[in-house]
Amino acid sequence: MGQSQVAAVPPEGIRYRLTPLQRLLPVLPGVLVIMGAPVLMWLDGGPLDPVLVSMLIAWGVLVPLLLITSRPFGITLTPSAAVVHNLRRRTIPWSNVQAIQVDSLFGSRTVVLYEAGGRRTRLRAPITGFPSVDRRFEEKFHTIGRWWLDHRGPDWVPVPPPTVHWGGPPAPDGNPYAPPA
């Protein structure tokens, strides 16, 4: 059976963000502290008012604040560039990207874009690691890599990193964009 024309059209862009659980996990210790002390006092026979006030603070202020502030982090893949949403938004043309790799830092695995000028851009999303596991991390990493390969243009050529000069010694493992050992 043939594919419909609607399904055959490639998407204009793809957006990857932190998962809802990844956005919620950093605020949970604060919520537990804010909620824990008044609840323990109430269980010990204290008044109920501090428990209600702490619940209002935790659920009415902290959780929405975290969900709102962490929402823009991620990457948008467009046909011409990768739009990186960190604290500041950056647009990196696909022709400027030299490599895309997974890098491990403190037990978390993140995607890193290596640019022609030697700049490394670590993406805030997709990310995976304990306790904020993203089951689709490998799929997202391969999609970003495939998107780069498909959109970097026919005139793209690899550029040696700034530390490797033309005619100079090659990198020890043959990959100048490999993370340090």
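The values are calculated or read from the model by the stated rules, or taken from the named source; none is laboratory data. Treat the numbers as computed from the prediction; the structure is a model and nothing was measured. Every residue, glycine as well, gets a Cβ built from its backbone with ideal geometry; the counts of neighbours run over all protein chains shown. Accessible surface is based on the protein model in full, side chains and every heavy atom, while ligands, DNA and RNA are left aside. Shrake-Rupley method; radii C 1.70, N 1.55, O 1.52, S 1.80 Å.
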| message | Using only the heavy atoms of the protein chains and a 1.4 Å probe, how would Val157, Val39 rank by accessible area, largest first? | response | Val157, Val39
| request: Classify segment 115-163 as rounded, prolate or oblate from the Cα gyration tensor: take a ≥ b ≥ c as the square roots of its eigenvalues, call it rounded if a/c is under 1.5, otherwise prolate when a/b beats b/c and oblate if not. | output: oblate
| said: I need the shape label for segment 68-121. Rule: rounded when a/c is under 1.5, else prolate if a/b > b/c, else oblate, with a, b, c from the alpha carbon gyration tensor. | reply: oblate
| task | List the chymotrypsin sites (Phe, Trp or Tyr not before Pro) within segment 96-138 that fall in a DSSP loop (any state other than H, G, I, E or B) and whose Cβ has at most 13 other Cβ atoms within 10 Å. | result | Phe106
| Probe 1.4 Å, all protein chains present, accessible-area order of Val33, Val84, largest first | Val33, Val84
| said: Quick check on packing: order 127-136, 143-152 by the mean number of other C-beta atoms within 10 Å, highest mean leading. | reply: 143-152, 127-136
| Given H placed on each backbone N at 1.01 Å, which residues far from Arg15 in sequence or on other chains put an amide H within less than 5 Å of it? | Leu77
| said: If I compute solvent accessible area with a 1.4 Å probe over the protein chains, what percent of it on segment 101-163 is carbon and sulfur? | reply: 57 percent
